[in-house]
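Working notes for the structure below.
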Amino acid sequence: MPEPARGPATTAISEDACRLDAVSRRFGRDGAHVTALDRVSLRLKRGTFAAVMGPSGSGKSTLLHCAAGLDRPDAGEVYLGDTRLTNLSESESARLRRNRIGFVFQSFNLLPTLTVRQNVALPFRLAGIRPARGRIDEVLDRVGLAGRARHRPGELSGGQQQRVAIARALAPQPDVIFADEPTGALDLRAAGEILRLLRHAVDGSGQSVVMVTHDPSAASYADRVLILADGRIVDDLERTDAARISARLARLETDR
Ligand SMILES: Nc1ncnc2c1ncn2[C@@H]1O[C@H](COP(=O)(O)OP(=O)(O)OP(=O)(O)O)[C@@H](O)[C@H]1O
Ligand SMILES: [Mg+2]
């Protein structure tokens, strides 16, 4: 029998940077379990900056960890582009995270004994590959830390340390950057710098960003604001201002 013709539809690269289909994640056993994510479905187009908001314990970090392949859902499927994460082996998943995903955490997670440059080069060292010539300098320049390459994290302010973490996430040119409250420990000005860098990753480089935040003004940098409550997405707003986001979150409190 002849092979069916393969049209563009079967070979096209997914338009989605990431996709979750009915993802559930439960913690604990039998009597005392918590449903952190309850059949969450989500499609995020490439080149989108999404903010994830919601009350403490609503499942934001769990969503990020499952989407990034750091945690496995109990049910449902997770895709990064065309790659299904939910059936990868642990080593395949680790390789994919190194090559196609960047992470930024609230607490920076830099290695204190390494210099700024060594921290930014770490993903390459772990992957056993040499960065393209000038790549590390280029990202350090982009985050405004070209003059700090030989310093150690302890010699930098919180905002500068977070910019090192952003540079480290950007250096391998990942498809998606996941950030869990990246501005949570920063003052307004330092937070603004981080948000503009994330916005630039989307507008300037076509990458995608998924950022958890409690701060409506941080979320106002995003193209989409997803609101979680009790492990479900209860709202999905187009880019909007901080006042509208605050009002929506306040309504969530009264609805509970
Ligand atoms: N490793 C774990 N073991 C047990 N329960 C967990 C674990 N991780 C998360 N949970 C539970 O899952 C639920 C969702 O947690 P999650 O960390 O995703 O919330 P969050 O929205 O990120 O909250 P926060 O805003 O406080 O960071 C919570 O009830 C939490 O206690
Ligand atoms: Mg969290």
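The values are calculated or read from the model by the stated rules, or taken from the named source; none is laboratory data. Fair warning: this is a prediction, and the values are worked out from it, not measured in the lab. Please note: Cβ atoms are built from the backbone with ideal geometry, for glycine as well, and neighbour counts cover all protein chains shown.
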Could you please give the count of residues in region 174-198 that are within 16 Å of ligand 1 (Cβ to nearest atom), within 14 Å of Ala222 (Cβ to Cβ) and in contact with a helix residue (DSSP H, G or I) (Cβ under 6 Å, 6 or more places away or on another chain)? 3
Residue pairs meeting the criteria (Cβ under 9 Å; at least 6 apart or on separate chains; first among the acidic types (Asp, Glu) and in a helix (DSSP H, G or I), in region 202-221; second surrounded by fewer than 22 Cβ atoms within 10 Å (Cβ to Cβ) and at pLDDT 95 or above): Asp203/Gly47
Could you tell me which residue of region 172-205 is surrounded by the most Cβ atoms within 10 Å (Cβ to Cβ), considering only residues that are closer than 24 Å to Ser58 by Cβ and touching an Asp or Glu at 6+ places or on another chain (Cβ under 9 Å)? Thr183
Checklist (1) within 11 Å of the chain's Cα centre (by Cα); (2) hydroxyl-bearing (Ser, Thr, Tyr); (3) surrounded by fewer than 23 Cβ atoms within 10 Å (Cβ to Cβ) applied to Ser208, failing item: (3)
Checking the structure you have, find out if any residue of region 75-93 is away from ligand 1 (no atom under 15 Å from the Cβ) and within 20 Å of Ile194 (Cα to Cα). no
Wholly within region 36-149, which helices (runs of 4 or more DSSP H) include no fewer than the required count, namely at least 3 residues that are within 14 Å of the chain's Cα centre (by Cα)? 60-67, 90-100
Under 6 Å by Cβ, and 6 or more places apart or on different chains, what pairs join a residue from region 63-74 that is under 19 Å from Ala50 (Cα atoms) with one that is part of a helix (DSSP H, G or I) and away from ligand 2 (no atom under 13 Å from the Cβ)? Gly69/Leu85; Gly69/Ser93; Gly69/Arg97
Hey, any hits in region 122-139 for a residue that's buried (at least 20 other Cβ atoms within 10 Å of the Cβ), within 24 Å of Leu80 (Cβ to Cβ) and of a type in the set (Gly, Ala, Ser)? no
